[in-house]
Amino acid sequence: MAPPSRRAYRWSPMSTDAAITLLICDDHPVVRDGLRGMFALDAGFEVLGEAGDGVEGVDLAQRLDPDVVLMDLRMPGGGGVAAIAELTRRGLRSKVLVLTTYDTDSDTLPAIEAGATGYLLKDAPREELFTAVRAAAAGRTVLSPAIASRLVSAVRTPAVPAGEPLSGREREVLELVAKGTSNREIARALFISEATVKTHLTHIYGKLGAKDRAAAVAVAYDRKILG
């Protein structure tokens, strides 16, 4: 008998050929239960199974051949990015829609580069999630508005050479980041927009050779930029 985190469901008479089939891959049972219950309310979807980590997800995707795999990213026992890369390597037809709470560049870009068709945050409304699943099943790229905005900003923002000194404003932003201040709070404190804060962070990451906020702060302390 399969453990609770690794379920494959039998076909039921209520299933239809037109339904989009799904595999849920998330390490939190409550999240899996919530998603399964949500999709069960719409006849246009059928959940074939669920897995508690990326390794199980790849195995079930191979056996069940779902149209779409809903993939979390950070899971003990096997992360989402590695699972996406393995699904791509095996040439499975399943489309992967990342569904996670993480929206940093260090999470977003590797997942998309590994082969994810879409990237959505867990706070997305139900209808937005349903629309994203339908789009992914049809092979269309779907990104949450926040992720799309970040990617566009990254493309439009010129690369900053590593090692270049931080500007005064960038130091101010980094000091607030080191205190655990959110982008919205930084924007309010410095009387700038959140988009400008994100642009400053992009420059800071480039100059410090860091991938995210925590790494930038660590590098800044190591180089005596902070402290």
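Key figures for this structure:
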{"item": "Degrees, to the nearest 10: 105-114 long Cα axis against longest axis of the chain", "result": "40 degrees"}
{"item": "Relative contact order [Cα under 8 Å, 6+ residues apart], segment 168-222, whole percent", "result": "33 percent"}
{"item": "Dipole magnitude of the chain about its Cα centre (Cβ charges: Lys, Arg +1; Asp, Glu -1), debye to nearest 20", "result": "440 debye"}
{"item": "Contact order relative to length of the chain, as percent, for alpha carbon pairs under 8 angstrom and 6 or more apart", "result": "13 percent"}
{"item": "Angle in degrees between helix 29-40 and the longest Cα principal axis of the chain, rounded to the nearest 10", "result": "60 degrees"}
{"item": "P(r), alpha carbons of the chain - 5 Å bins starting at zero, rounded %", "result": "1, 7, 14, 16, 16, 12, 10, 9, 7, 5, 2, 1, 0, 0"}
{"item": "Packing-based order for 53-63, 201-211, using average beta carbon neighbours within 10 Å, highest first", "result": "53-63, 201-211"}
{"item": "Inter-probe distance in nm under a simple model that places probes 7 Å from Cα toward Cβ, at ALA19 and GLU164", "result": "5.4 nm"}
{"item": "Net lengthening on full extension, LYS179/ALA40 (0.36 nm per residue, minus Cα-Cα)", "result": "45.7 nm"}
{"item": "Value at 222 nm in deg cm²/dmol, rounded to 500, when DSSP H runs of n ≥ 4 in the chain each add -39,500 (n - 2.57)", "result": "-15000 deg cm²/dmol"}
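Here, each number is a calculation from the coordinates, and none is a lab measurement. Because the structure is a prediction, the values reported are computed rather than measured. Here Cβ is always computed from backbone atoms with ideal geometry, including for glycine, and neighbour counts include all displayed protein chains.
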